[in-house]
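The values are calculated or read from the model by the stated rules, or taken from the named source; none is laboratory data. Just so you know, these numbers come straight off a predicted model, no measurement behind them. Using ideal geometry, Cβ is built from the backbone for each residue, glycine included, and neighbour counts are taken over all protein chains shown. Heavy atoms of the whole protein, side chains included, go into the accessibility calculation; ligands, DNA and RNA do not. Shrake-Rupley method; radii C 1.70, N 1.55, O 1.52, S 1.80 Å.
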Amino acid sequence: MSTNAFDPGLPDELPEGWPEIETLARLANEFFSAKPGETVPDAHTPASPEPANFDLNGDVPLGRSAPSPVALPGASELQALIDAIPFSPFAPPAAAPGTPASTGPSFYFMEQAGPGPVTPPPGAATPQASLHGFSGPFDVASIRRDFPILEERVNGRQLVWLDNAATTQKPRLVIDRLKYFYEHENSNIHRAAHELAARATDAYESARDKVRGFLNAGSSKEIVFVRGATEAINLVAQSWGRQHVGKDDEIIVSTLEHHANIVPWQQLATEKGAKLRVIPVDDSGQLLLDEYGKLLNSKTKLVAFTQVSNALGTITPAKQIIEAAHSAGAKVLLDGAQSVSHMAVNVQDLNPDWFVFSGHKVFGPTGIGVLYGKEALLSETQPWQGGGNMIQDVTFERTIYQPAPNKFEAGTGNIADAVGLGAAIDYVQSIGLDRISEYEHQLLLYATRFLQEIPGLRLIGTAKEKAGVLSFVVDGYRTEDIGSALNREGIAVRSGHHCAQPILRRFGVESSVRPSLALYNTCADIDALISALLRITSQRAFATQRT
């Protein structure tokens with residue numbers, strides 16, 4: 001082994017005294033099978049008690065007592081597997097409690113046909129999937145079987161996918177639904193007087209209504225399909241923003257923001273002569289609400305902020321921030337790109353004026369996203385782009401636009417991937433976002449406990465309220481070298497600035513290593529990560545000993 005430079009290859013053995021992967025697996029089993037309040041062993045000094053580590057939840061001292069038991073991987077028994085049940089892509093979606101019943105799509109060429117779903121063609125294979133109706137412990141083993149890519153091997157190792165904040169993997173249900181669309185429904189939507197157009201239109205508008213239910217929006221008219229959260233934010237900036245933001249007006253964003261929720265507002269502010277104000281964060285990565293309150297004034301036109309930080313995992317107090325903004329007379333855009341796969345979102349309760357997310361972050365296809373906007377607000381806003389599908393009538397003297405949401409969907413939309421997003425929503429809702437959130441939180445506690453024990457590792461972002469994002473740096477190692485070394489072990493993480501340079505610079509770094517969790521990750525995935533990191537950080541100690 002070289003003594004002069006970091007070698008991204010990993011030694012075959014750990015230094016004496018470090019826990020082997022079998023030890024970590026045993027600890028995982030003990031940690032999650034212990035009764036509440038029962039002490040559990042430490043990885044390195046099992047016979048000696050040690051001070052409680054930082055607790056992300058605020059109520060369970062890590063390394064000291066176990067949380068309420070959850071049937072995570074490593075438990076002695078798993079629940080019986082849920083049998084696959086048929087899923088019909090044509091079945092009308094269930095309405096969310098308290099929301100008006102959908103009247104179904106209305107087609108220009110089928111006014112006589114009514115809103116009912118189109119019957120699939122004779123002999124067509126209907127997509128099948130595991131739609132889980134959980135009542136017992138969270139069965140991650142069954143869930144993992146729904147994701148074919150998790151069987152992939154990378155560099156001769158079983159894939160460990162810990163890059164979920166960048167994109168999530170897709171369940172068989174979504175893959176099969178896309179295949180079914182292209183084999184049996186593929187057509188442009190609306191206005192065509194033939195069968196496939198009717199099928200495609202039904203599938204597309206059904207997906208819109210599934211998104212409505214997923215967000216608990218008041219109407220499908222409030223759901224606009226876009227390419228992703230980035231396009232949704234730009235749409236608001238270039239339509240409503242250009243209409244309503246003027247010279248010396250103020251737009252507030254937070255230090256936590258992804259570049260996609262900074263750059264469009266910078267561009268608008270430069271164009272209009274407005275000012276960009278920034279909510280600071282404390283040393284844990286949580287927003288300073290007192291400072292936020294000082295920024296709000298009569299000039300504030302818009303507050304745009306994230307519900308979950310993509311770089312740190314911080315969960316912001318969204319409802320409180322929104323209420324304060326509205327009290328000051330400002331509109332609010334809430335970025336949900338990192339929240340929708342981890343927690344239930346109820347836009348009628350949160351009450352943002354706009355909410356945005358990307359389909360590929362919630363187990364759906366890439367290239368499809370959603371802008372939710374309050375119906376009255378969308379109705380009074382002029383469209384950003386012009387073209388087909390968004391017009392009622394065009395002459396050379398004037399154009400009459402379709403009502404929302406159609407007036408914001410110029411041109412041929414991403415029809416198939418909207419349908420795929422609808423299938424992803426079906427899948428997530430069949431498991432339950434509350435159950436997903438609880439499971440991922442336990443994984444976060446487990447991973448945090450062991451990451452803190454790695455020599456020289458510094459966690460970036462330790463807010464009390466966090467989603468499953470674990471950013472860190474290691475003294476003496478470049479983040480890209482850590483990422484490369486983990487890749488050699490089949491472990492996928494993100495290394496870089498995560499399109500969130502301001503928040504990383506707030507913590508004095510230009511980049512970080514970012515493992516991020518999803519519903520199909522396990523304690524075994526965390527064990528593999530910890531074991532690899534211990535081997536990586538041990539190399540320098542080996543080199544020092546040999547010199």
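Structural remarks
- For region 411-515: accessible area per residue (Å², 1.4 Å): 31 Å²
- Under the Debye formula (equal points on every Cα, no solvent term), log10 I(q)/I(0) of region 314-361 at q = 0.16, 0.22, 0.24 Å⁻¹: -0.43, -0.77, -0.90
- Nearby lysines by direct alpha-carbon distance to Lys331 (threshold 24 angstrom, same-chain neighbours under 8 apart not counted): Lys221, Lys247, Lys272, Lys275, Lys294, Lys299, Lys301, Lys319, Lys374, Lys407
- Peptide packing: for 531-537, 506-512, the average count of neighbouring Cβ atoms within 10 Å per residue gives the ranking 531-537, 506-512, highest mean first.
- Carbon/sulfur fraction of accessible area - region 380-487, other protein chains in place, 1.4 Å, %: 45 percent
- Taking a straight Cα-Cα cut-off under 18 Å and skipping sequence neighbours fewer than 8 places away in the same chain, the lysines within cross-link reach of Lys170 are Lys179, Lys210, Lys361.
- When each of the peptides 294-306, 190-202 is scored by how many other beta carbons lie within 10 Å of its residues on average, the order from highest to lowest is 294-306, 190-202.
- Ranked by how many other beta carbons lie within 10 Å on average, peptides 210-219, 407-416 from highest: 210-219, 407-416
- Solvent-accessible surface of region 340-397, taken per residue with a 1.4 Å probe and all protein chains present: 40 Å².
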